[in-house]
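Reviewing the structure listed below.
The values are calculated or read from the model by the stated rules, or taken from the named source; none is laboratory data. Because the structure is predicted, anything quoted here is derived from the model rather than measured. Quick reminder, even Gly has a Cβ in these numbers, built from the backbone with ideal geometry, and neighbours come from all protein chains shown. For accessibility, only protein heavy atoms count, side chains too; no ligands or nucleic acids. Shrake-Rupley method; radii C 1.70, N 1.55, O 1.52, S 1.80 Å.
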Amino acid sequence: MTPRIEALSAQLKLALNAGLVKLTEDLNELTIECKAEDFIEVCIKLRDHGELKFEQLIDLCGVDYSEYNDGLWEGPRYAVVLHLLSVSLNQRVRLRVFATDDHFPVLPTLIDVWPVANWFEREAFDLFGIMFENHPDLRRILTDYGFVGHPFRKDFPMIGNVEMRYDPEQRRVVYQPVSIELRNNVPRVIRDEGRHS
Amino acid sequence: MAEIHNYTMNFGPQHPAAHGVLRLVLELDGEVIQRADPHIGLLHRGTEKLAENRTYLQSIPYMDRLDYVSMMSNEHAYVMTIEKMLGLEVPIRAQYIRVMFDEITRILNHLLWIGAHGIDLGAMTMFIYAFREREDLFDIYEAVSGARMHAAYYRPGGVYRDLPDKMPQHETTKFRSKAQINKLNENRQGSLLDFIEDFTNRFPRHVDEYETLLTDNRIWKQRTVGIGVVSPERALALGFTGPMLRGSGVEWDLRRKQPYEVYDKLDFDIPVGVNGDSYDRYLVRMEEFRQSNRIIKQCVDWLRKNPGPVITSDNKIAPPNREGMKTNMEDMIHHFKLFTEGFHVPVGEAYAAVEHPKGEFGIYMISDGANKPYRLKIRAPGFAHISAMDEMVRGHMLADLVAVIGTQDIVFGEIDR
């Protein structure tokens, strides 16, 4: 741990105390975890605390852990990961929060904390089906109008379920089940050869 | 008097000013925009999902196709994340080459931006001028990687190969006379570095030309001054980065504040705007042309004096040389393993960001120790910028919308991913 990371982690522990579930340091990056019910409170503290001042939400993304480590993952399936940046203090932190219910993942929205969260949350909803409570406009954003399913979930096939073509008889565009097969030339293998440094 | 209602209008996705496939649903009161609702996703290809199903090396060409006007910067963030997770050291010469090409890419991107922004606001000449210089930069790309746009030149551990000693020249055709060809080949007699240096000597004069056309132009000022004003506080809250943030007066540049590669050894300035309107962002980007040019010059000087390896010698990550591969059993096995199974990245997660021409472009990667990433998230600067579209155009006239699209420097490859 560099002195800067160490100072920041001490500040985080001090400022968040009970709200902090886990704090890890890896590759010079700090990752903190909090509970879904403390989520908003923790975020407001991260933004407003004088020694943290994370004014910018750089990124918010969903993660589906169901096939992590070849399915040996234990714990909630969906998480939302935030990357925060403090422009005034020049520091970064990563915040992870798990949605407790695997069948209907819900988290509170962060729009009132960082307005930029609006579209990032729409994206996480669209791709992972994570719901954001009190979001004013939780529509799909990247997928097609009328799309069914959440494509970045691990159980969604890479080739999709439907394909689109022009039907000359009906003289319009129609959807039909995909006609291609999934082709995977390189199997996914986990090896613990470790670092090559 | 008849009652007049607001009306809703559809803009795009095939409008020439929509910079690709932007579809906007606009609510207008006369000619004044009350609400803008951008519909994105028409270019969504699921890059992140594709990357989860491919080895680390196979995904590099996808990165070129994200922001397809600043190809190498995207690759840079991707390979930097992998290097961070592997704890891999990049040879110093490769770092200089990367910085040089990042800045060439910045000029390439800003040239397209000034061309498109100009043509949107009625300055037709800009487009022609900008594309004249882009041609030379594409030739540089081609000389080094073989491709004019989608280079796939940065690799984990360095760059694919060293800079060529000979700049490719134009060949004679029946469409051009011998004299014309000779004129075209005039600055291509030496190495690639000679050609780049010649470009950096020419380029400041070209920027002066652009500024003569635009900076004090009355029409240009009428179209950009006071359009899309964003205060520094709002710019931060809305997640702006890059020239969009600097145009609002926040001095923030990753190259300076969180330096990666060799940016801390180079001499350059960070231009900052004052008013946060389209004109200030225009001035910031114009100054970035000159600063990038300065950086390229310094890199050329360094690269001339310091030969050396350009990619790591760790054959678990980078392929062995061709000769070794064909004569040596161990190298052959390395080569085979690398291009079939690929390398494995240790368990963990990392985020690495570069100062992309458009803002902070970051890659967040989670690995569970496999030969493919478990999750790859691309943080595209344009995504945050376009989400602020509604706030920026509200209360402006319909024609100013085009100025805001231009000033945001929108490219759909990265927004839709």
Select from region A:64-102 the residues that are touching a helix residue (DSSP H, G or I) at 6+ places or on another chain (Cβ under 8 Å) and of a type in the set (V, I, T) and list them in ascending order.
-> A:V80, A:V87, A:V93, A:V97, A:T100
Run down B:I97, B:I119 and say which single residue is touching a residue at least 40 places away in the same chain (Cβ under 8 Å) and of a type outside the set (S, T, Y).
-> B:I97
Of everything in region B:324-371 that's open to solvent by 30 Å² or more (accessible area, probe 1.4 Å) and under 16 Å from A:P187 (Cβ atoms), which residue is farthest from the other protein chains (Cβ to nearest Cβ)?
-> B:F336
For region B:10-28, which residues satisfy the criterion of being in contact (Cβ under 8 Å) with a residue 24 or more places away in the chain and part of a strand (DSSP E or B)?
-> B:F11, B:L24, B:L26, B:L28
Pairs with Cβ under 9 Å, 6+ apart, first in region B:167-182 and of a type in the set (K, R), second open to solvent by 70 Å² or more (accessible area, probe 1.4 Å) = B:K178/B:T172
Of those in region B:29-50 that are assigned to a strand (DSSP E or B) and away from chain A (no Cβ under 12 Å), the residue surrounded by the fewest Cβ atoms within 10 Å (Cβ to Cβ) is B:D29
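Here is a yes/no grid of residues against (1) within 22 Å of B:M365 (Cβ to Cβ); (2) open to solvent by 10 Å² or more (accessible area, probe 1.4 Å):
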position: A:V63; (1), (2): yes, no
position: A:S86; (1), (2): no, no
position: A:L89; (1), (2): no, yes
position: A:R92; (1), (2): yes, yes
position: A:R96; (1), (2): yes, yes
position: A:A99; (1), (2): yes, no
position: A:F104; (1), (2): no, yes
Please determine, by comparing only the residues of region A:124-140 that are open to solvent by less than 10 Å² (accessible area, probe 1.4 Å) and farther than 15 Å from A:V97 by Cβ, which one is farthest from the other protein chains (Cβ to nearest Cβ).
-> A:G129
Single residue of region B:218-235 satisfying the filter (surrounded by 18 or more Cβ atoms within 10 Å (Cβ to Cβ), closer than 18 Å to B:G118 by Cα and not aromatic (F, W, Y)) that is farthest from the other protein chains (Cβ to nearest Cβ) = B:R223
Can you work out which of the residues in region B:301-323 that are within 18 Å of B:Y160 (Cα to Cα) and assigned to a helix (DSSP H, G or I) is least open to solvent (accessible area, probe 1.4 Å)?
-> B:L303
Is region A:164-175 home to any residue that is closer than 27 Å to B:L22 by Cβ, within 14 Å of another protein chain (Cβ to nearest Cβ) and open to solvent by 40 Å² or more (accessible area, probe 1.4 Å)?
-> yes
From the option list B:K372, B:K358, single residue qualifying as under 22 Å from B:Y160 (Cα atoms), touching a residue at least 60 places away in the same chain (Cβ under 8 Å) and not small (G, A, S) is B:K372
Please enumerate the residues belonging to region A:16-31 that are within 19 Å of the chain's Cα centre (by Cα) and among the hydrophobic types (A, V, I, L, M, F, W, C).
-> A:L20, A:V21, A:L23, A:L30
All positions within region B:51-72 that are out of contact with any strand residue (DSSP E or B) (no Cβ under 9 Å at 6 or more places or on another chain), open to solvent by 20 Å² or more (accessible area, probe 1.4 Å) and in a helix (DSSP H, G or I) | B:Q58, B:P61, B:Y62
Matching residues in region B:236-248 - criterion: being in a helix (DSSP H, G or I) and either facing another protein chain (nearest Cβ under 9 Å) or surrounded by fewer than 24 Cβ atoms within 10 Å (Cβ to Cβ) (or both) = B:L236, B:A237, B:L245
Among the numbered criteria (1) away from chain A (no Cβ under 14 Å); (2) more than 19 Å from the chain's Cα centre (by Cα); (3) surrounded by fewer than 18 Cβ atoms within 10 Å (Cβ to Cβ), which single criterion is violated by B:R294?
-> (2)
Hey, does region A:96-112 have a residue that's in a helix (DSSP H, G or I), in contact (Cβ under 8 Å) with a residue 40 or more places away in the chain, of a type outside the set (D, E, K, R) and closer than 30 Å to B:A235 by Cα?
-> no
Go through region B:78-122 and give me each residue that's part of a helix (DSSP H, G or I), within 14 Å of chain A (Cβ to nearest Cβ) and out of contact with any strand residue (DSSP E or B) (no Cβ under 9 Å at 6 or more places or on another chain).
-> B:L86
Whichever residue in region B:183-196 is within 20 Å of B:R161 (Cβ to Cβ) and either without any contact (Cβ under 8 Å) to a residue 40 or more places away in the chain or of a type in the set (D, E, K, R) (or both) and, among such residues, is most open to solvent (accessible area, probe 1.4 Å) | B:D194
Residue among A:L52, A:L82 that alone is more than 14 Å from the chain's Cα centre (by Cα) and either within 10 Å of chain B (Cβ to nearest Cβ) or surrounded by 19 or more Cβ atoms within 10 Å (Cβ to Cβ) (or both) | A:L52
When restricted to B:H385, B:H396, the only residue touching a helix residue (DSSP H, G or I) at 6+ places or on another chain (Cβ under 9 Å), closer than 30 Å to B:D37 by Cβ and open to solvent by less than 10 Å² (accessible area, probe 1.4 Å) is B:H385
Within region A:97-112, identify whether any single residue is facing another protein chain (nearest Cβ under 10 Å), at pLDDT 90 or above and in contact with a strand residue (DSSP E or B) (Cβ under 9 Å, 6 or more places away or on another chain), and answer yes or no.
-> no
